[in-house]
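Below: the structure, in structure tokens.
The values are calculated or read from the model by the stated rules, or taken from the named source; none is laboratory data. If you're wondering where the values come from, they're calculated on a predicted model, not measured in any experiment. Here the Cβ is made from the backbone with ideal geometry for all residues, glycine too, and neighbour counts use every protein chain on show.
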Amino acid sequence: MDDDIFISAEGGKARIVAGKHRQTGQVVFPRPQGTEEEDFQRIELPLSGTLWTYTVQRIPPKNPPFVGVNSPEDYQPYAVGYIQFGDQVMIEGRIAGDPDSLEIGMRMDSVPLSFPTPDGAEMTTYAFAPANGSRS
Amino acid sequence: MNDVYVIGAGIHPFGRHEGKTGLDLGVDATKLAVEDSGIAWEDVEAAFGGSSASGNADAVLPRMGLTGIQFINVANGCATGGSSVLSAYWAIKAGEFETALAVGFDKHPRGSFNPDPVRYGLPQWYGETGMMLTTQFFAMKIQRYMHDYGISTKSLAKVAAKAFHNGSKTPHAWRRTPMDADTVLQSRMISDPLTQYMFCSPSEGGVALILASEKKARQLGRTQVKLRAAALKTRPENSFEVFSPSLSVERGETPTMLAARAAFEKAGVGPEDIDIAQVQDTESGAEIMHMAENGFCRDGEQEQWIAEGRTAIGGELPVNTDGGCIACGEPIGASGLRQVYENVLQLRGQAENRQVEGARLAFSQVYGAPGLSAVAILEKG
């Protein structure tokens, strides 16, 4: 994955890289490339936010475009959600760990996530995980 | 400006049809619509049509007759059918043509759609990591809506049960076996909180409508159904839409709100005047949210509306009287046209055992990726 989507951060976390429009201040992710790139300043988001909404992908997505393991016998459901970073932006991402433990409003950290592909390799992406002590 | 009438309507039933191509379904529907209209194919002056997975819609022409008719292929996601009707409506309203065809058909493979991220201007990793699924968007939108407005999963199940009940009475529906809310609730979870039978499935079908100017409709004695208004709007800023790696933190209006408001303004009527509504029900939650986005109720009131059966046939505002997308499935090019077809039958009094008595104003709204909505309001002539 593009290094400019996220970078590794302290404590095994991942820091998401977004773009802030130089005139309007609007924050977008991923940071626009190409002809639009110069309109956006590169910014790094905080390491945690709150869960705005989520769902769980219970059935295997089709390949393409999904590159993870999607055979019916080996497929592992995963959660996807939007995490709100203060008044800046909401980011959509996969949620690491147990998909059945989630609640709207939970504090979430941004973390790296590696998942296996059918050829035995791995794909690494950014994801979110409930922050320590977020389940009160 | 000319008033516009729907003078002919034809459908190939939705479902799975082995041995028939998507185009076959479109040709069948077109022949039925022309026959229903009382005009000859040679007298159809303009045509607008769309198909997402079954080739160019203008492939119906060699099968119908190469009359030199001007045909425009329409591609507007799940709102393709609604966009075809809108195009035909504009053409006649502008006075350019006396008659026009709107046609849509499709035949999709089984299972969920798997769109290519690049076609939506998104990076490949968005699909590779498993986020390029429309089902996730619908699930996340209703999940948040339930949290904000107190809608229960039981209501989601009841919407689907209503769809199957209405579908059981509809010859053009795909799923015609009634199913109770508990069975819907206990079916396989697809994308929380939505189960298998709360979702519509990609399917096969074709629909065609013949529209005409008031002058032509009067000549033919076909003034039973007037197309009072049609409008299409794309997503405004701050709308929560499918395939969005990021969203602004403020929630604003949706394309459905804008399209409904535009159509109501053009028609000079309000949501309270509507007798029957077909709204996009990609899944149960979409029907619930679209009830409010179209202006029929306030956010959160759906829970009570559904508990009281107000959206059932016989209720105050019957919604998705033919079972909607949940019972009919979704052939992209035809889906929005099916809604108008159903409203035409209802206003003509031809809906048999699902007839809504006394219906005068009928509303339809189709929503599609990447965030647009098309609305049509029909009136009994």
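Only residues that are more than 10 Å from chain A (Cβ to nearest Cβ) and surrounded by 19 or more Cβ atoms within 10 Å (Cβ to Cβ) were counted in the range B:135-156, giving 4.
Take the residues of the range A:66-91 that are at the interface with another protein chain (Cβ under 7 Å from one of its Cβ atoms) and over 16 Å from B:S244 (Cβ atoms): which is surrounded by the fewest Cβ atoms within 10 Å (Cβ to Cβ)? Here the answer is A:D87.
Here the helices (runs of 4 or more DSSP H) wholly within the range B:301-381 that include at least 3 residues being touching a residue at least 40 places away in the same chain (Cβ under 8 Å) and closer than 19 Å to B:R175 by Cα are B:324-328, B:332-348.
Of the residues B:G55, B:G38, which is touching a Gly at 6+ places or on another chain (Cβ under 9 Å) and closer than 26 Å to B:G221 by Cα?
Selected residue: B:G38, the only one of B:G55, B:G38 that is touching a Gly at 6+ places or on another chain (Cβ under 9 Å) and closer than 26 Å to B:G221 by Cα.
Given the condition out of contact with any strand residue (DSSP E or B) (no Cβ under 6 Å at 6 or more places or on another chain) and small (G, A, S), answer yes or no: does some residue in the range A:97-104 qualify? Among the residues of the range A:97-104, at least one is out of contact with any strand residue (DSSP E or B) (no Cβ under 6 Å at 6 or more places or on another chain) and small (G, A, S), which makes the answer yes.
Kindly indicate which of B:P62, B:P123, B:P109, B:P115 is out of contact with any helix residue (DSSP H, G or I) (no Cβ under 9 Å at 6 or more places or on another chain), of a type outside the set (G, A, S) and at pLDDT below 95. The conditions single out B:P109.
Within the range A:92-116, being surrounded by fewer than 16 Cβ atoms within 10 Å (Cβ to Cβ) and either more than 17 Å from B:D192 (Cβ to Cβ) or within 15 Å of the chain's Cα centre (by Cα) (or both) holds for A:G97, A:S114, A:P116.
In the condition set (1) crowded, with 18+ Cβ neighbours inside 10 Å; (2) in contact (Cβ under 8 Å) with a residue 24 or more places away in the chain; (3) more than 10 Å from chain B (Cβ to nearest Cβ), A:R42 is compliant with all but (1).
Every residue, every condition in (1) part of a loop (DSSP other than H, G, I, E, B); (2) buried (at least 23 other Cβ atoms within 10 Å of the Cβ); (3) within 14 Å of another protein chain (Cβ to nearest Cβ); (4) not hydroxyl-bearing (S, T, Y), yes or no:
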site	(1), (2), (3), (4)
B:E237	yes, no, yes, yes
B:F240	yes, no, yes, yes
B:V249	yes, no, yes, yes
B:L258	no, no, no, yes
B:A262	no, no, no, yes
B:Q278	no, yes, no, yes
B:A292	no, no, no, yes
B:R298	yes, no, no, yes
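Just one residue in the set A:V56, A:V17 is crowded, with 18+ Cβ neighbours inside 10 Å, more than 11 Å from chain B (Cβ to nearest Cβ) and part of a strand (DSSP E or B); that residue is A:V17.
For every residue, the table says whether it meets (1) within 14 Å of chain A (Cβ to nearest Cβ); (2) surrounded by fewer than 18 Cβ atoms within 10 Å (Cβ to Cβ); (3) in contact with a strand residue (DSSP E or B) (Cβ under 7 Å, 6 or more places away or on another chain).
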position: B:N166; (1), (2), (3): no, no, no
position: B:W174; (1), (2), (3): no, no, yes
position: B:M179; (1), (2), (3): no, no, no
position: B:T195; (1), (2), (3): yes, no, yes
position: B:G206; (1), (2), (3): no, no, yes
position: B:A212; (1), (2), (3): no, no, yes
